[in-house]
1. Would you confirm, using the coordinates I've provided, whether ASN131 is touching a strand residue (DSSP E or B) at 6+ places or on another chain (Cβ under 8 Å), of a type outside the set (A, V, I, L, M, F, W, C) and more than 27 Å from GLU26 (Cα to Cα)?
2. Pick out the one residue from ASN103, ASN89 that is touching a helix residue (DSSP H, G or I) at 6+ places or on another chain (Cβ under 8 Å) and more than 16 Å from LEU159 (Cβ to Cβ).
3. Within segment 161-187, restricting attention to residues that are crowded, with 21+ Cβ neighbours inside 10 Å and either over 18 Å from the mean Cα position of the chain (by Cα) or of a type in the set (Val, Ile, Thr) (or both), which residue is farthest from GLU225 (Cα to Cα)?
4. Quick check, is LYS190 surrounded by fewer than 11 Cβ atoms within 10 Å (Cβ to Cβ) and either more than 16 Å from the chain's Cα centre (by Cα) or of a type in the set (Phe, Trp, Tyr) (or both)?
5. Here are some residues: LYS145, LYS164, LYS169, LYS141. Which one is under 12 Å from ARG212 (Cβ atoms), out of contact with any Lys or Arg (no Cβ under 6 Å at 6 or more places or on another chain), of a type outside the set (S, T, N, Q) and touching a residue at least 60 places away in the same chain (Cβ under 8 Å)?
6. Say whether the condition of being hydroxyl-bearing (Ser, Thr, Tyr), closer than 18 Å to ALA111 by Cβ and under 16 Å from the mean Cα position of the chain (by Cα) is met by at least one residue in segment 12-28.
7. Return a yes/no flag: does segment 204-217 have any residue that is in a loop (DSSP other than H, G, I, E, B), surrounded by 21 or more Cβ atoms within 10 Å (Cβ to Cβ) and either over 16 Å from the mean Cα position of the chain (by Cα) or touching a residue at least 12 places away in the same chain (Cβ under 8 Å) (or both).
8. Are there strands (runs of 3 or more DSSP E) fully within segment 26-136 with at least 3 residues that are touching a residue at least 60 places away in the same chain (Cβ under 8 Å), surrounded by 20 or more Cβ atoms within 10 Å (Cβ to Cβ) and among the aliphatic types (A, V, I, L, M)? List them.
Amino acid sequence: MKIVVFAPHPDDEIFGCGGSILKWLEEGHDVHLIYVTDNRALIEWGIKENQLLEECAQKYMDLSKDEIAEIALKEAEKVSKAFGFEKDNVYYFKIHDQDAENNIELGIELASDIIANTERIVIPSDHNNHNDHQATHTMAKEAAKAVSLNNAEFYVYALYNVLKAPKEKQIKIKVAEYQDRIYELMKGYKTQLCLKDTRMGWKTFKRRRSERFGVFNFDDMDKYENF
């Protein structure tokens, strides 16, 4: 099965569905990963929102946004390799962090060729409280419409919000056996671990027993709160 995972930022693939990705790769599926943005605003946002662990972030404080983006994307490259992704199955849209909502058409264009013949698309939920997450959701759905993926299934994951979907539209994937691996994978995102909430969330990976998705089909689009 061809599966395409959309990550709004490097590390969202781990928080949203890291254990499931490991399971799908282990099962031999053809898994692809799209990083939509480049995390360039991480330090600026961390300061603004009082989220920055300054001792951790000290070596990044005087860097330009371009330099931070370069580091973040190199981290993503290493983490995706550690996951077990084929190099040609990882894509970097390099849209500026915090600006995905202004680049939705570009995202649709870039995604359309990648998702051709995809059987499962994995995306963050709709009505998300982060603009980049919301924009990624829109890009993926609109790209699916553009290439007429009428028979694809859509796995919707929650990021920092509650997934709202009818019980008959939900699925839980057991990932307890991957707890240690996703915890170790997250260590590769040194920049992201300079944020307080990210570091707190990282600690929960050791207790992650399952990952929950809303599962929808093409005709379900825009009929549910999270899809």
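1. Considered against the rule, which asks whether it is touching a strand residue (DSSP E or B) at 6+ places or on another chain (Cβ under 8 Å), of a type outside the set (A, V, I, L, M, F, W, C) and more than 27 Å from GLU26 (Cα to Cα), ASN131 comes out as no.
2. So the residue among ASN103, ASN89 that is touching a helix residue (DSSP H, G or I) at 6+ places or on another chain (Cβ under 8 Å) and more than 16 Å from LEU159 (Cβ to Cβ) is ASN103.
3. ILE182
4. No: the conditions fail for LYS190.
5. Selected residue: LYS164, the only one of LYS145, LYS164, LYS169, LYS141 that is under 12 Å from ARG212 (Cβ atoms), out of contact with any Lys or Arg (no Cβ under 6 Å at 6 or more places or on another chain), of a type outside the set (S, T, N, Q) and touching a residue at least 60 places away in the same chain (Cβ under 8 Å).
6. No, segment 12-28 contains no residue that is hydroxyl-bearing (Ser, Thr, Tyr), closer than 18 Å to ALA111 by Cβ and under 16 Å from the mean Cα position of the chain (by Cα).
7. no
8. Where strands (runs of 3 or more DSSP E) fall fully within segment 26-136 and carry at least 3 residues being touching a residue at least 60 places away in the same chain (Cβ under 8 Å), surrounded by 20 or more Cβ atoms within 10 Å (Cβ to Cβ) and among the aliphatic types (A, V, I, L, M), they are 120-124.
Throughout, read-outs are computed from the coordinates displayed, never taken from laboratory work. Every value quoted in this text rests on a predicted model; they were computed, and no experiment measured them. Don't worry about glycine lacking a Cβ; one is built from the backbone with ideal geometry, like all the others, and counts go over all protein chains shown.
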